[in-house]
């Protein structure tokens, strides 16, 4: 399996490229596209994103 390498963004680069667009978030240098949903789904989505990032950094399957 080949994984595409992506350039991590700094906070300043993120703000320059995405401005105040609430559809995108920056997490650990990675841009995350947030789909507009209800509050309950937004909380679950953010939690899932944080867990996914932690699992990736811990190099777990």
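Which of (1) 1.12; (2) 1.00; (3) 0.93 is the computed Rg/Rh (Cα atoms, Kirkwood Rh) for the structure on display?
Among (1) 1.12; (2) 1.00; (3) 0.93, the one derived from this structure is (2).
Counting only C-alpha contacts under 8 Å and six or more residues apart, can you give the relative contact order of the stretch 11-57 as a whole percent?
21
Applying a 10 Å radius around every beta-carbon, put 23-33, 38-48 in order of their mean neighbour count, most first.
So the peptides 23-33, 38-48, ranked by packing, come out 23-33, 38-48.
Computed from the coordinates by the stated procedures, all read-outs in this text should not be read as laboratory data. Computed from a predicted structure; not experimentally measured. Cβ: placed from backbone, ideal geometry, glycine included. Neighbour counts: every protein chain shown.
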